[in-house]
Structure formats: structure tokens, C-alpha cells
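Chemist: Next up is a structure, given as C-alpha cells.
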Amino acid sequence: MESLLTEVPFTPEVMELFRDAVLVTDAAGTILQVNQAYQDISGYREDELIGQRPAKIKSGRHSQVFYESMWHDLTTLGAWEGEIWDRRKNSEVYPKWLKIQAIRNTDGEITHYVGVFHETHSHRPSFHERERLANIDPLTGLFNRHCYREFLTRMIRTITSRDQLVQLYLDIDRFKEINERYGYVVGDDLIAEFADRVRALWHDINNELQCPIQRDQEQLIGRFSGDEFLMAFRFNQNEEIDLNTLLERICHTLNQPYKVRGHIIYISCSIGTAQLHVDANSDDELISHAESAMYIAKQTGGNCSMIFTQSIQEQIERRKLIQQSLLQAVEDEQFELYYQPKVGGISRRVCGYEALVRWNHPSLGMLSPVEFIPIAEDNGAILPLGDWIFENACLYAKNLNDIGLIDLPVAINISAIQLSDPGWLDRLLLILDKTQLATHLIELELTESQLLTDIENSTDTINYIRSLGIKVALDDFGTGYSSLSYLRNLPLDTLKIDRSFVSHLQEGHENYDLAIIKAVTTLAKQLGMALVAEGVEQSTQEKILTDIGCDQLQGYLYSKPIPAEEFLELCLKSLATSKK
């Protein structure tokens, strides 16, 4: 402390002449002196501050951009003045009016900074603060949606025929899961760190260009909403810019692990791009088309980038049409149930079946559930559609049972949205009462990710369902979390081995997939669960699975999903064959 004090510009007696709080730092920003007024206001003792940097008392209310702007003024103009929020030792934040002056030596070099402030006791933001709040996202310090559009529009007006403008739309994959797992405080901190990387990337790439965007206030980076970010680059057409290489660089940097409040968090992001005068002619089109490309990247599994094409636009228009017509389609009963048999591993006799929905769209033709079920889950149509599927599958099963095809349980897929809906169980009971199907002929199929969304509530719901006599199957086992700890606690009747494991089975070849299936078979037997293998397409796969001990097999080797009448014929043939 003494060595620091010998370098200070004011004596202790002079420091105490000030009625306002005073702080003196060296040229690097290290605190050298504070007066008593500063200690009284901040709550810190002198020995707790000397040798520290002012960041120690940051309130967290200001962005990195705010401080960068402050230091820019100090190093170029030699002074800064404005309202700023800091934090006392007791964690209370407070506003103050701060004036900072640079002190130079005879050579014109900055040697010290002197800051003088008083508390404003006003929670009304200053004019400059109001202007900043209107344009800057408070969490990240990046431009907000409104301000970004303004600067993008301005940039578009200045683009010449020799330039090209590329718009990027970035979205963090599965960010909702991060919030649910770590909490919103960690989520906000992750967003802020992600934004810092976006900002650094933009500046690095922009500075490497032949004609970089010079004006700081026109940096084309912003937070559009939530976990969505925008950035744009202006290229000279003479520059040989490989857009795919650029996108790989951005993805690689943004996907590096984040250390947030003691957690190491791994993320990925989806990126869409669009080019001015190639894909769009206005700021709205440019952002919209980049967003469309990002959405397709996310739909393909995320962790990738997509360049806008006309094909992408057609996919987006198709999705919009599906989304807009879903609810009406349920009312008009445009859906149809197909059925795929499950056969006994040894007998090859039909011993059950799965109900699979198809949509006969008026203009798009027959649609697979792979295409429309995720959309139905997004817009809430899955609830009425799910009820329709359940009721009609039960009615069909009741008819089969009444004509003598007894003991053929029907498997019905249930969405996580249905499982978490407070009114779903009540509607299920009403449908059971209406259809009068024996509950032991119903099996509900759930995926691992659905169950783990709310494991406690899922367990209670499954226990209640099983108390009714309905069986519960875990679908696509092995593709999700596959934790033995939750498998031990969940009340399940059946495990379904995912087709991705079955597809690689070859007779006479021991491999990873075979080892997994053998382990799952042993586990299912020990837990008293039935085992179903799906995706069986070859007789060699059938033999391997039968020898291992799979109870039931399902796949194209026996039948693809077929309409109700065809399935009835298949069941009758199976019954006749078994009686010979």
C-alpha cells in the first residue's frame, strides 16, 4: 500500500477536502486512493479497495458496451461524465453521478484517472440512459431488435453493386432445457457470455475484411429475442469469402464449453443465413429468410448452419399451411389410423399392434406423423388430436375383440404435452367409459425424453394409469438418457428397443449394437418387463433377436403400417395359420 501511495497525485489532506467521494487510479485502472466520503458511501474500507479495480463494485446493470464506450471517451477525450450504478459492500445497488478526468504528464501520457461522484438519490434515468435503454438490450449490451433493424436498413441503403451483405440468424439449441436444469440466473449468465463471444467474433471477422464496417455505432450485431441473435457482414465482391467455412468458424467458437457460476455447460447453436439481392431485397426479408434457414437447421437436429434457398422457403410455406389447418383437420376428421402388427418372436403370430396416425391433407396428400406431430405439439393441436387418436384406436380394438380376435392389445403413442396436461387423465377416463374397451388391451407408449421432462409427475401419472389396468411401454429405449437409476424407479411394463440398434445386426457378427440388445434383454427379464424390438426388416435380424429372447418383434419384415381393413385381413390370416 505504501508503494502505491508514493505515486498518487494528491496528499491525504487534499483528498479529505472534497465533500464528494473521490477515487484515484493509475493509467491501468488500479485503485490508488479513496477518500473517507468514498468509504462511507461504498461501505468498503480503504485497505479493501487499494490495489483493486473499480470492477469490484460493479452493479451488473451496465453492459460491456457501456464500459467500452466510457473507456473510449477517457482515452481519446480525457474525460467522461454520466450517471452510473454501482454496488455497496452490502450488495445494495445505487445510482451516482460520476465525473472522471484523465491526468497527463509533460509528455502528454495518461498517468492517472480521478473520479469524483455523489449519489443522485434518483431512480429516474438520465436522458443518455433513456436513449441507451431504448436501443440496447440490457442483459447483453448488444443492439435490441428495434435498433438492429434501423442500422441494417441504413446499411442496406449504402450497399453498392460491388458489395454484398450476408445476414446471420443464430439460435441456441434446446436453451429451454438449460433454463430448466440450471435455473434462469445461470441461463441469463450463459446468454451474456454467449453474447460476448458473438461480439468478439463479429469484430474479429469484420476487421479481417477488405472494407470493414468502421463506425462503432453501426456494428451489425444484436439480440433479437430470448436466445436468438443477429449479425451481418458486408463483403467486397473481390474478396474470396467461403460462406460455409465462415459458418464453421462461428459454430466452432460458439460451441466451446461455457463456465457459468461453477457449471461447465456444453451447448450447440443453429445458424441460418440469407444474402441481400440474392435471397432478399429488404431488411424484413433478409431477417425473415435467415430465420427460415435457421429453423430448418434446427429441424434437422440443430448444431449446424443452413444457407437460405428457395427450397427452404417452400418448406416454411408448407409448415405454415400445416400449422394453419391442423385444428380444423381434427374437427373435419381428416385423419386416419394405420396399424402395424407385433408378432411373437417364435410363433410369428400377431400378438399385438401399434396405432399410427396419418393425415389425408386436402392439398398436400397423405402426411406422415413425423411431419405434423411436432407442429401439433408446438401449437397445442396435439391435445384434441391425441384424444381423437386414443378414442378411435380404442373403438377399433373393441371391434376386433368383439369379433373374436381376443387378447390383441393396441399400443398408442402419447405426447409429453398430453402427459403434462391437467385435464388429460379426465378425458382418458371419459373415453374409456365411452368405448368400453377392457383396459388390459391398452398399452401407452412414451419416450424417455417425455418421461424425464417432469420425472416426479410422470411417475405419479404412470402409477395411476397402471392402476387402471393399462400397460405402459418405454419407446425408443437406448436413444435418450437411458439412466438405470430412473429405469429402476419408473413403473413400466415394456421396453421397446429402438430400430437404430436393430438395423446393424448381422448374423455371425458380434458388435456394439448386439451387446447393447443382449444387455437390455437381460435387464428387462430381471425387471419383469416385456421386450419388443422394432425396425425388423431382415430374417437374419429376426433370428438373432429370437435367439436372444425378445418377446415381440415389429417391422417391415412382417408388415408396414396398413389401413384398418387390411390389418383385419392380416389378423384373420395369422389366426387361421396358427390353427393349422
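The values are calculated or read from the model by the stated rules, or taken from the named source; none is laboratory data. As the structure is a computational prediction, the values presented were derived from the model and not from experiment. With ideal geometry, Cβ positions are generated from the backbone for all residues, glycine too; neighbour counts draw on all protein chains shown. All accessible areas refer to the heavy atoms of the entire protein, side chains included, with ligands and DNA or RNA removed. Shrake-Rupley method; radii C 1.70, N 1.55, O 1.52, S 1.80 Å.
Chemist: Hey, which lysines would be in cross-link range of LYS99, C-alpha to C-alpha under 23 Å, not counting anything within fewer than 8 residues on its own chain?
Modeler: LYS56, LYS58, LYS89
Chemist: Per residue, how many Å² of accessible area does the chain show with a 1.4 Å probe?
Modeler: Dividing the accessible area of the chain by its residue count gives 50 Å².
Chemist: Further question on the same structure: Just from its helices, what would the mean residue ellipticity at 222 nm be for the chain, if runs of 4 or more DSSP H residues each count -39500 (n - 2.57) and the sum is divided by every residue, rounded to the nearest 500 deg cm²/dmol?
Modeler: -13500 deg cm²/dmol
Chemist: With the full set of protein chains in place, find how many percent of the accessible area of the stretch 362-416 is carbon and sulfur; take the probe as 1.4 Å.
Modeler: Carbon and sulfur: 57 percent of the exposed surface of the stretch 362-416.
Chemist: Kindly work out what percent of the DSSP beta bridges joining two residues of the stretch 306-429 are antiparallel, to the nearest 5.
Modeler: Antiparallel bridges: around 80 percent, rounded to the nearest 5.
Chemist: Let me ask something else about it. Write down the percent of antiparallel bridges among all DSSP beta bridges whose residues are both part of the chain, to the nearest 5.
Modeler: Among the beta bridges of the chain, antiparallel pairing accounts for roughly 70 percent.
Chemist: Same structure again: What distance in nm separates the two pseudo spin-label positions at ASN463 and ARG145, each 7 Å out from Cα along the beta-carbon direction?
Modeler: A separation of 4.3 nm, rounded to one decimal place.
Chemist: Still on this model: Would you mind working out the magnitude of the charge dipole of the stretch 14-55 relative to its Cα centre, with +1 at each Lys and Arg C-beta and -1 at each Asp and Glu C-beta, to the nearest 20 Debye?
Modeler: 100
Chemist: Going by alpha carbons, how many degrees (0 to 90, nearest 10) lie between the helix axis of 564-579 and the longest principal axis of the chain?
Modeler: 50
Chemist: When ranked by the protection proxy of mean other Cβ atoms within 10 Å per residue, highest first, what sequence do the peptides 348-361, 253-266 form?
Modeler: 348-361, 253-266
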